[in-house]
1. On a 1.4 Å probe surface of the protein chains, which of 40, 130, 21, 50 comes out largest in accessible area, and what is the full order?
2. Looking at this model, which pairs from 42/136; 65/139; 42/65; 42/93 are more than 27 angstrom apart at the alpha-carbon?
3. Explain nothing, just compute: Karplus ³J(HN,Hα) = 6.51 cos²θ - 1.76 cosθ + 1.60, θ = phi - 60°, for every residue of region 21-32 in order, whole Hz, x for Gly and Pro.
4. So what are the three principal axis dimensions of region 1-137 from its Cα atoms, in whole Å, longest to shortest?
5. Taking amide H atoms as placed 1.01 Å from N in the peptide plane, list the residues 5 or more away in sequence, or in a different chain, whose amide H sits under 5 Å from that of residue 76.
6. So what J values fall out for region 115-130 if you push phi through Karplus, 6.51 cos²θ - 1.76 cosθ + 1.60 with θ = phi - 60°, rounded to Hz, Gly and Pro as x?
7. If amide H atoms are built 1.01 Å from N in the plane of the peptide, which residues on other chains or at least 5 residues away come under 5 Å of the amide H of residue 64?
8. Can you tell me the mean projection area, over all orientations, of the convex hull of region 62-112's alpha carbons? Units nm², please.
Amino acid sequence: MLQHPFLTKYQKQARGTLLTRQLTEAAEAQSFAVYAVNLRQKLLQPPLKRRTVLALDPGLRTGCKLAVVSDTGAPLHSATLMLQGGGGAAMAKGAEAILELLRRYSVDLVVIGNGTGSRDAENAVVEALRMHAEEKDEKSDNRSSSSASSSCKGEVRYTIVDEAGAKPSP
């Protein structure tokens, strides 16, 4: 395209706007392609065998998203917790909610993403696991040692995982 030396100011702005729009559309298309690759990889991962998992995706502004997945990979529960604000009340409420999920679904493993708000999520999980361990100790004290050992599941553990997305294939 030939550049005319007497292009008006508005014609130059229109060309710039068109270029910006084209670049934005290309960037959005690439963004969706990367998201599709990441999601596909996540969905095709096999579940942990014989493990019920509670996964937490921490967040400050939008809250901490959580999901419970059965040992077969079936989703059992999902919710959003607000762990920030309100002093320690929000954290205590979050720990109680996590404890309830540990009880209800007999969770074996808690997985926490390392994103924004992961420290608050970890603190809530640690508190819930502490309360869960105390409950198990009380139950085992009230039962005979043989029945307690046969009915109690193993210790619930937690881990923090990297939330970095997969890179798109070239």
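1. Largest accessible area first, the list is 50, 40, 21, 130.
2. Pairs exceeding 27 Å: 42/136; 65/139; 42/93.
3. Once rounded to whole Hz, the list reads 5, 5, 5, 5, 5, 5, 5, 5, 4, 5, 4, 5.
4. Taking the Cα atoms of region 1-137, the three principal extents are 85, 39, 18 Å.
5. 68, 69, 70
6. Here the 3J(HN,Hα) series is x, 4, x, 5, 5, 5, 5, 5, 4, 5, 5, 4, 5, 5, 5, 5 Hz.
7. The list, which skips near neighbours in sequence, is 59, 81, 82, 83.
8. 3.7
The values are calculated or read from the model by the stated rules, or taken from the named source; none is laboratory data. Since the structure is predicted, the reported quantities are computational estimates derived from the model, not experimental observations. Just the protein is used for accessible areas: all its heavy atoms, side chains included, with ligands, DNA and RNA removed. Shrake-Rupley method; radii C 1.70, N 1.55, O 1.52, S 1.80 Å.
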